[in-house]
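The values are calculated or read from the model by the stated rules, or taken from the named source; none is laboratory data. In this text, all values refer to a predicted model and were calculated from it rather than measured experimentally. Cβ sites come from the backbone with ideal geometry, for glycine too, and all protein chains shown count toward neighbours.
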Amino acid sequence: MICCILYVFLQISLTGAAESGIVGGREAKPHSRPYMVSVQYRGVHSCGGILIQRDFVLTAAHCKNETWGSCTVVLGAHDITKKERTQQRIEVDEYFAHPGFTGNLNNDIMLLKLKKNATLNKYVRTIGLPKKNGETPANIKCAVAGWGLTRANGSRSNVLKEATEKMQFSTECKHIWQKHFNSGHMICTKFTRRDGGVCQGDSGGPLICNTKPQGITAFIWAEDCNNPQYPHVYTKVSSFIPWIKQTMEEQE
């Protein structure tokens, strides 16, 4: 079963409501990742995201679920169960899921337009995007972070956790995921139990390689996010740079 760290399609679930979190790994130094966002419905963490402009958050398209009520993003957080003085809570004004996203695994990327601009400071900052159609070489180490499950079938983390995952060759991902993996707009990483990685509740969060968000957490093996046989898959951000820029410019 594929877990998109949210929805379920036949035997495929996307990493959002089923959610993905960091298995293993370590607690992040508080506020060391000031671009990190908790996407919440009714005050409950659903997905991760990143602040790319003062009024825009980038996340996964499968994280959209308006049936759960209004969506709020929490910025500047470390422990999302507490009302930390560093936090900013801002309601989402509009959702811009990629027009090619039809509820499956392809084009799983979305922009959230905030009702007001975030106040940038040492706890809340934007992160720059990668170059259009840029490639991330295999075997380099990248960072993931989130508030998802801390173990398969376990509980979510209250504090931001992080882990290291190594980029994998697209051919290896295609061999495992077959028709579900599209090398044109997906990338994947090799998971090891020693280093930890994403799980349910981490959907929409970033894969950071050389300081840039090269991926947005998309899907994992739903039955066990701790299974090293299945690469973790991310939406390839560099493939969507023109769409991201155009969408934000149209809202100015």
field: Of all residues in region 141-157 being under 16 Å from the mean Cα position of the chain (by Cα) and closer than 20 Å to LYS82 by Cα, the one that is modelled with the lowest pLDDT
entry: THR150
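Tell me, yes or no, whether region 183-190 has at least one residue that is more than 30 Å from ARG125 (Cβ to Cβ) and not assigned by the TED database to the domain that holds ASN106. Spell out how you get there, then give the answer.
So in region 183-190, the residues more than 30 Å from ARG125 (Cβ to Cβ) come out as 183-184.
Remaining after also requiring not assigned by the TED database to the domain that holds ASN106: 183-184.
Yes, region 183-190 contains a residue that is more than 30 Å from ARG125 (Cβ to Cβ) and not assigned by the TED database to the domain that holds ASN106.
I'd like the full set of residues that are part of a loop (DSSP other than H, G, I, E, B) and under 18 Å from the mean Cα position of the chain (by Cα), limited to region 111-140. Lay out the reasoning, then the answer.
If we filter region 111-140 for residues that are part of a loop (DSSP other than H, G, I, E, B), which is where we start, we get 115-140.
If the condition is that a residue be part of a loop (DSSP other than H, G, I, E, B) and under 18 Å from the mean Cα position of the chain (by Cα), then VAL124, ARG125, THR126, ILE127, GLY128, LEU129, PRO130, THR136 are the ones that fit.
Only one of these is within 19 Å of the chain's Cα centre (by Cα), closer than 16 Å to ASP108 by Cβ, among the charged types (D, E, K, R) and surrounded by 15 or more Cβ atoms within 10 Å (Cβ to Cβ): LYS166, LYS190, LYS236. Name it.
Details: LYS166 fails: closer than 16 Å to ASP108 by Cβ; LYS190 fails: closer than 16 Å to ASP108 by Cβ.
Every option except LYS236 fails the conditions.
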task: State yes or no: is GLU84 acidic (Asp, Glu), surrounded by fewer than 17 Cβ atoms within 10 Å (Cβ to Cβ) and assigned to a loop (DSSP other than H, G, I, E, B)?
output: yes
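Sort out which residues of region 64-74 are closer than 17 Å to ASP202 by Cα and at pLDDT below 95, and write them in order of number.
If we filter region 64-74 for residues that are closer than 17 Å to ASP202 by Cα, which is where we start, we get 64-65, 71-74.
The answer is LYS64, ASN65.
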- request: Among what's in region 11-40 and is at pLDDT 50 or above and aliphatic (A, V, I, L, M), pick the residue that is farthest from HIS78 (Cα to Cα).
  value: VAL23
